[in-house]
1. Can you find a residue that is part of a helix (DSSP H, G or I), at pLDDT below 75 and assigned by TED's automatic domain parsing to the domain that holds residue 118 anywhere in the range 48-63?
2. Suppose we filter the range 69-98 for residues that are part of a helix (DSSP H, G or I), crowded, with 16+ Cβ neighbours inside 10 Å and within 12 Å of the chain's Cα centre (by Cα); how many remain?
3. Out of 25, 9, which single residue is modelled with pLDDT under 70, more than 19 Å from residue 82 (Cα to Cα) and surrounded by 11 or more Cβ atoms within 10 Å (Cβ to Cβ)?
4. Considering only the range 105-115, state which residues are surrounded by 14 or more Cβ atoms within 10 Å (Cβ to Cβ) and assigned to a helix (DSSP H, G or I).
């Protein structure tokens with residue numbers, strides 16, 4: 001009898017099936033998918049998501065900080081969406097401190113594990129962004 005859980009057995013079977021269907025999936029990384037979505041320029045974000053919608057409303061940076069807080073509240077499960085939001089926040093003018101503070105505030109509502117995971121993802125994106133700039 002196997003010492004693996006039913007979930008582990010199912011995942012192993014799914015991986016073998018994916019390899020049989022498309023051998024290239026063996027080296028697939030979802031992290032690479034985010035490179036397909038470019039970072040939107042700040043002016044375009046502002047027109048689409050910021051005061052372009054409502055002159056007296058929230059600017060794009062504030063809307064994105066709220067989006068990041070919401071993604072953290074969901075348990076930081078949507079890694080690709082968090083990564084994309086952090087990239088857009090940098091373009092919208094948010095500092096690393098503002099991003100970290102928005103995530104840290106969610107520890108009171110989403111819990112420490114969700115906050116920690118979101119912070120790890122955000123830190124990784126911020127480091128990647130700094131590497132790209134040099």
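The values are calculated or read from the model by the stated rules, or taken from the named source; none is laboratory data. None of the values given here were measured: they were computed from a predicted structure. Glycine also receives a Cβ, built like all others from the backbone with ideal geometry; neighbour counts cover every protein chain displayed.
1. In the first step, residues of the range 48-63 are kept if they are part of a helix (DSSP H, G or I); the result is 48-49, 60-63.
In the following step, the residues that additionally are at pLDDT below 75 were identified as 48-49.
Then keep just the ones that are assigned by TED's automatic domain parsing to the domain that holds residue 118; that gives 48-49.
Yes, the range 48-63 contains at least one residue that is part of a helix (DSSP H, G or I), at pLDDT below 75 and assigned by TED's automatic domain parsing to the domain that holds residue 118.
2. 13
3. Values: 9 fails: modelled with pLDDT under 70.
Matching residue, one of 25, 9: 25.
4. Of everything in the range 105-115, those that are surrounded by 14 or more Cβ atoms within 10 Å (Cβ to Cβ) and assigned to a helix (DSSP H, G or I) turn out to be 105, 107, 110, 114, 115.
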